Each structure stands twice: as structure tokens, then as C-alpha cells.
């Protein structure tokens with residue numbers, strides 16, 4: 001949504017300013033230069049990918065016009081889910097949550113929060129961590145394991161963002177290529193009248209204009225959007241990590257989820273009373 005609004009503002013601002021300056025729209029309509037810039041840019045982008053990274057980019061496209069869905073309600077539901085798991089561990093022993101972490105899709109605790117249960121990354125992050133603790137009974141390396149998992153998730157999420165950003169950075173250069181081609185064509189018409197030469201020179205300069213506009217006004221924001229998407233998801237996983245790590249260290253269920261609450265960004269962080277009310281109501 002924000003990306004779409006931003007792109008509309010960019011296009012409207014450029015088009016409005018050009019119109020106010022009494023620019024000739026016919027000069028800007030250069031299909032050949034658009035083909036050169038976008039075609040060569042996309043070709044170079046594709047050439048730099050592997051099967052793995054290209055697949056990640058295709059999957060990430062759905063995030064361009066979507067939102068991670070961060071909200072106070074989402075964080076409260078997550079804290080309530082973790083509290084239910086920690087309370088069961090505290091009350092009946094760690095082994096009591098074995099069926100929950102082995103089969104989260106049929107666990108009464110996980111299925112009580114369907115919006116969280118449908119996120120496989122989050123469910124695996126929680127259940128795999130607790131499964132390791134169940135198996136080893138050793139809390140020493142659990143925090144480090146979660147950090148490794150988060151690092152891998154972050155790095156994988158950043159690959160599409162960096163790929164699109166690198167393509168954006170190549171577009172001004174491709175615009176110069178289109179401009180040079182236009183100049184070469186113009187030089188072949190050096191004997192033409194000044195008005196003809198002027199039109200061809202203007203058309204050549206459009207290549208540089210389009211390359212810069214596509215870089216900073218179109219594909220650059222797309223790369224930034226994907227990067228911000230990953231960063232926002234990192235905050236969410238970090239709050240879970242802090243809560244799980246505290247529970248495994250031996251903190252009481254309430255203190256454990258309080259660790260998680262303190263790791264929530266302020267715009268979405270519930271006050272303690274809100275969290276306590278949610279935990280009581282389930």
C-alpha cells in the first residue's frame with residue numbers, strides 16, 4: 001500500500017513538474033530507449049542470479065504491496081501463546097509440551113491462535129527450539145541457536161532486497177548507454193536542420209532521465225520496501241527469542257513473557273496491564 005502510494009506520488013510529481021514547465025510529452029515517449037534501459041537492466045539482473053536467489057526473489061514479490069502485519073494484537077497473541085506453553089512446562093514439567101512441539105498443527109495451544117499458527121517460520125522457530133531443549137535438557141546454547149536461526153532468516157530475506165537494489169543501481173548506467181546510442185544516431189544526422197537535431201538530442205537525453213528515474217523512483221524503493229519488511233519481522237522474532245530464552249533459563253512464565261514484551265518496538269508494545277489482562281483471558 002505504502003509502496004503504491006509512494007510510486008504514484010513520484011510519477012505525479014515528475015509528470016506535474018514537466019507539464020508545468022510546458023514540456024513536450026512527445027519527446028519523453030521513447031519506446032526504444034525504454035527497451036534498452038529496462039531490457040538490459042533486467043538482463044544483467046537475471047544474469048547475476050542463481051536458481052536459489054531467483055526463486056527467493058519471485059517469492060518475495062508478494063511482499064512489495066503487502067505488510068508484515070505488525071500490531072499490538074499480534075504481539076499480545078504471541079505472548080499469550082508463549083505464556084500457555086511456559087505455564088504448562090512450569091506446572092507439569094518440560095516433557096509435558098512434547099506433543100505440542102512435535103505436532104503444533106494439532107496442539108490445542110498453537111491452534112488457539114490461528115493467525116500465528118499459519119506462519120510456519122514462527123512455529124518452527126518456537127517448536128524447534130523447545131524440541132532441542134526437550135532432547136538435551138541443556139539451556140546453555142539455546143540462545144545462541146536462536147540467534148543463528150534468526151541470522152539465517154534475516155540473511156535469506158535480505159537477498160531479494162539486495163538483488164533488486166543492485167538492479168536499480170545499474171539503471172542509471174543503462175540510461176547512459178541509451179543516451180550514447182541516441183547521440184550516435186544524432187551524429188549521423190549532423191546535416192539535418194537545427195530543429196531536427198534538437199529533437200534527436202532531447203530524445204537521447206531522455207535515456208539518462210529514465211535510467212535515473214527508474215533507479216531512485218521505482219526499483220530503489222522496491223528494494224528498500226523488502227529490506228524494511230525483513231527488519232520488521234526481525235523485531236517480531238527477537239521478542240519471541242527473548243521470551244523463550246528466559247523460560248529455558250528458569251524464569252517464571254510471567255517473567256519470561258515480560259522479557260518478550262520488553263523486546264517489542266514501542267509503537268506495538270502493550271503496557272504490562274494489557275499483557276496481564278490478555279494472559280488471564282487467554
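All of the numbers you see were taken from the coordinates with simple rules; none came from a lab. Please read these numbers as outputs of a predicted model, since none were measured by experiment. FYI the Cβ positions are ideal-geometry reconstructions off the backbone, even for glycines, and counts take in every protein chain you see.
Can you tell me the relative contact order of the chain? Whole percent, Cα pairs under 8 Å, sequence separation 6 or more. Don't skip to the end; give the middle numbers.
Numbers: 298 pairs, mean separation 79.6, N = 282.
For the chain, the relative contact order is 28 percent.
Comparing 126, 37, 95, which has the greatest mean-square fluctuation in the GNM of the chain with Cα pairs linked when under 10 Å apart?
Result for the chain, Cα springs under 10 Å: 95 fluctuates most.
Please work out whether region 10-140 counts as rounded, prolate or oblate from its C-alpha gyration tensor, where a ≥ b ≥ c are the square roots of the eigenvalues and a/c under 1.5 means rounded, while otherwise a/b larger than b/c means prolate and anything else oblate?
Numbers: a/c = 4.99, a/b = 2.57, b/c = 1.94.
Judged from the Cα gyration tensor, region 10-140 comes out prolate (a/c at least 1.5, a/b above b/c).
Residues in region 36-53 near a label at residue 10, defined as backbone nitrogen under 13 Å from the 7 Å Cα→Cβ point?
none
Which order, highest average first, do 163-171, 3-11 follow once you tally other Cβ atoms within 10 Å for each residue and take the mean per peptide? Don't skip to the end; give the middle numbers.
Values: 163-171: 20.4, 3-11: 12.7.
So the order, starting with the most tightly packed, is 163-171, 3-11.
How many nm is it between the label spots at residue 156 and residue 58, if each spot is 7 Å from the Cα in line with the beta carbon?
A separation of 1.7 nm, rounded to one decimal place.
Run the numbers on region 125-227 and let me know its relative contact order in percent, using alpha-carbon pairs under 8 Å that are six or more apart.
On the way: 87 pairs, mean separation 38.1, N = 103.
Relative CO of region 125-227 lands at 37 percent.
For the residue pair residue 185 and residue 24, what label-to-label distance in nm results when each label sits 7 Å from Cα along the Cα-to-beta-carbon direction?
The answer from the label model is 1.5 nm.
Fully extended, how many nm does the chain gain between residue 91 and residue 201 (0.36 nm per residue separation, minus their Cα-Cα distance)? Display every interim value, and only then the final one.
Numbers: separation 110, 0.36 × 110 = 39.60 nm, distance 7.90 nm.
Once the chain is fully extended between residue 91 and residue 201, it gains 31.7 nm.
Extension gain residue 115-residue 141, at 0.36 nm per residue separation less the Cα-Cα distance, in nm? If you can, show how the numbers build up before the last one.
Numbers: separation 26, 0.36 × 26 = 9.36 nm, distance 2.95 nm.
Stretched out fully, the residue 115 to residue 141 stretch lengthens by 6.4 nm.
Taking the Cα atoms only, what angle lies between the long axis of helix 2-20 and the longest principal axis of the chain, rounded to 10 degrees?
20
Compute the FRET efficiency between residue 235 and residue 169 as 1/(1 + (r/R0)^6), taking r as their Cβ-Cβ distance and R0 = 30 Å, and round to the nearest 0.05.
Values: r = 27 Å, r/R0 = 0.91.
The pair residue 235/residue 169 has a calculated efficiency of 0.65.
At 0.36 nm per residue, minus the direct Cα-Cα distance, what do residue 266 and residue 98 gain on full extension? Give it in nm, one decimal, please.
Working: separation 168, 0.36 × 168 = 60.48 nm, distance 3.37 nm.
Gain on stretching residue 266 to residue 98: 57.1 nm.
Ranked by Cβ crowding within 10 angstrom, fewest neighbours first, how are 102, 195 ordered?
195, 102
How do the peptides 258-271, 220-233 rank, highest first, by the average count of neighbouring beta carbon atoms within 10 Å per residue? Don't skip to the end; give the middle numbers.
Details: 258-271: 15.8, 220-233: 18.6.
Result, highest mean Cβ count within 10 Å first: 220-233, 258-271.
Would you give the gap between the C-alpha center of region 50-119 and the C-alpha center of region 156-171, rounded to a whole Å?
Taking the Cα centre of region 156-171 as reference, the centre of region 50-119 is 28 Å away.
Helix 194-213 against the longest principal axis of the chain: what's the angle in degrees, Cα atoms only, rounded to the nearest 10?
Rounded to the nearest ten degrees, it is 10.
Using only Cα atoms, what is the ratio of the radius of gyration of region 26-282 to 2.2 N^0.38 Å?
Here the Cα radius of gyration is 1.46 times the empirical estimate.
Does a label point 7 Å from the Cα of residue 276, set along Cα-to-beta-carbon, have any residues of region 229-259 with amide nitrogen under 16 Å, and which are they?
Residues passing the 16 Å test: 253-259.
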